1. Can you give me the long-range amide H partners of Glu7? Hydrogens built in the peptide plane at 1.01 Å from N, cutoff under 5 Å, separation of 5 or more residues or another chain.
2. In percent, what relative contact order does the range 1-71 have, based on Cα pairs under 8 Å that are 6 or more apart in sequence?
3. Nothing charged except the Cβ atoms of Lys and Arg (+1) and of Asp and Glu (-1): what's the magnitude of the dipole of the range 6-111 about its Cα centre? Round to the nearest 20 debye.
4. Between Asn43, Thr89, Ile64, whose Cα lies farthest towards the positive end of the dipole of the range 32-114 when Lys and Arg beta carbons carry +1 and Asp and Glu beta carbons carry -1, centred on the Cα centre?
5. Considering the chain as a Gaussian network with a 10 Å cut-off on Cα pairs, which listed residue, Ala76, Ala19, Ala52, attains the greatest mean-square fluctuation?
6. Among residues other than Ile64 whose Cβ falls under 15 Å from its Cβ, what is the net charge (Lys/Arg +1, Asp/Glu -1)?
7. Is the range 10-59 best put as rounded, prolate or oblate by its Cα gyration tensor, with a ≥ b ≥ c the root eigenvalues, rounded for a/c under 1.5, and otherwise prolate when a/b is larger than b/c, oblate when not?
8. Can you give the angle from 0 to 90° between the axis of helix 16-25 and the longest principal axis of the chain, with both taken from C-alpha atoms, to the nearest 10?
Amino acid sequence: MTTEGIEAMYLETHNWGKAAKFFQALGYEIDFATDHNSGQLRNGDGPWLFIAEVPESQEPRTQIVFKVPDADKFEAGDIVEVVTPFEETHYGTREMSVRDPDGRTWTLSAPGAA
């Protein structure tokens with residue numbers, strides 16, 4: 001089993017409010033906001049955005065998330081270096097990190113264990 005393409009983008013920012021307004025100006029709507037300066041935005045049926053505020057001392061990262069329908073059935077090909085195997089997250093999914101041939105890391109996300 002392979003991925004089903006890009007599910008989401010995870011973005012870190014130094015200012016949640018400004019970042020949310022920027023993406024709203026590009027057509028995204030806030031799906032939900034948390035009480036700790038983060039939230040999810042959507043624009044139609046495309047990949048959703050999750051934006052989280054980080055301290056000024058931390059460099060903001062961007063992470064692309066690929067959708068995996070079933071972590072137990074996923075098979076990484078020989079060219080895919082697994083950095084971390086699927087692990088449960090605190091937000092109800094299972095995530096794996098992989099590295100491409102150029103050294104970039106990618107996140108694969110599957111539904112959490114039932």
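1. The list, which skips near neighbours in sequence, is Val65, Phe66, Lys67.
2. So the answer I get is 48 percent.
3. Using only the charged Cβ atoms, the result is roughly 340 debye.
4. Comparing the listed Cα positions along the dipole, Asn43 ranks first.
5. With Cα springs under 10 Å in the chain, the top fluctuation among Ala76, Ala19, Ala52 is at Ala76.
6. -2
7. prolate
8. 90
Every number here is computed from the coordinates shown, using simple stated rules; none is lab data. Predicted model only: the values in this text are computed from it and were never measured. As a convention, Cβ positions derive from the backbone with ideal geometry for all residues, glycine included, and neighbour counts pool all protein chains shown.
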